[in-house]
Amino acid sequence: MIYKKILLAGLLSVTGNVSFADTEIIKHGRFEECREQALALRPGLIIKVEMKIEDDAEVYEFNIRDIENRDWDIECAAATGQIIEIEEEVYGINDPRFSEQMKIDYARAKEIALQFYPGEILEVEYEIEESGLAVYEFDIWQATDEVIKLEVNSRTGEIHEFSRELWQIGYE
């Protein structure tokens, strides 16, 4: 499927109300149910929404900035409306929760990610999983218009998670 990046900043309001007008985005799956659950878990501003395929299932990922200015990635299964993962984004390796675990530096993590899926790095995020594990998350684009999201374990360098992004709305 062709990757579609949609930057529609005006669609996201302070209350997290998303208005997609006549788009196809919310006409399948349980988008509204997932959005409401994500905001109930981490009240704030939805700054980005992604749809991805992970383990052969469609998953919505809501990036929410909370009232303390922390960013959260909350994943919800499109078919069931169940929250499946909550991760906190941190601002790089200077965050003690990330740096205390880090045995693989950014350059090595990037090399590992590009060996697994060659292409252009579009974005990197530094995340703390629910378990406390620190991971690098890379969005990698290829000329085929496919974007792959890879998480690299900051301790071991192993690929922690892999998904294919279908679309994105919001801020990069």
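The values are calculated or read from the model by the stated rules, or taken from the named source; none is laboratory data. Here the structure is a predicted model, which is why all the values come from computation and not from measurement. Here the Cβ positions follow ideal geometry from the backbone for every residue, glycine too, while neighbour counts run over all protein chains shown. These area figures cover heavy atoms from the full protein model, side chains too; ligands, DNA and RNA do not enter into them. Shrake-Rupley method; radii C 1.70, N 1.55, O 1.52, S 1.80 Å.
With each pseudo-label sitting 7 Å past Cα toward Cβ, what's the GLU158-GLU111 distance in nm, one decimal?
About 2.1 nm, to one decimal.
Quick check: at a probe of 1.4 Å, how many percent of the accessible area of region 22-161 sits on carbon and sulfur atoms?
On the way: 3340 of 6690 Å².
Taking all protein chains in place, region 22-161 shows 50 percent carbon and sulfur surface.
Could you grab the relative contact order for region 66-172? Cα pairs under 8 Å, six or more apart, rounded to a whole percent.
Values: 198 pairs, mean separation 21.7, N = 107.
Over region 66-172, the number comes to 20 percent.
Under 19 Å from the 7 Å Cα→Cβ point of GLN142, by amide nitrogen: which residues of region 89-126?
Inside the label zone: 110-123.
Along region 122-129, what does the Karplus equation 6.51 cos²θ - 1.76 cosθ + 1.60 (θ = phi - 60°) give for ³J(HN,Hα), rounded to whole Hz, x for Gly and Pro?
Once rounded to whole Hz, the list reads 8, 7, 10, 10, 10, 10, 10, 6.
Points 7 angstrom from Cα along the Cβ direction at ILE67 and ASP95: gap in nanometres?
Spacing of the two 7 Å Cα→Cβ label points: 2.1 nm.
What does a probe at LEU122 reach in region 46-89, counting residues whose amide N is under 17 Å from the point 7 Å along Cα→Cβ?
47-54, 59-63
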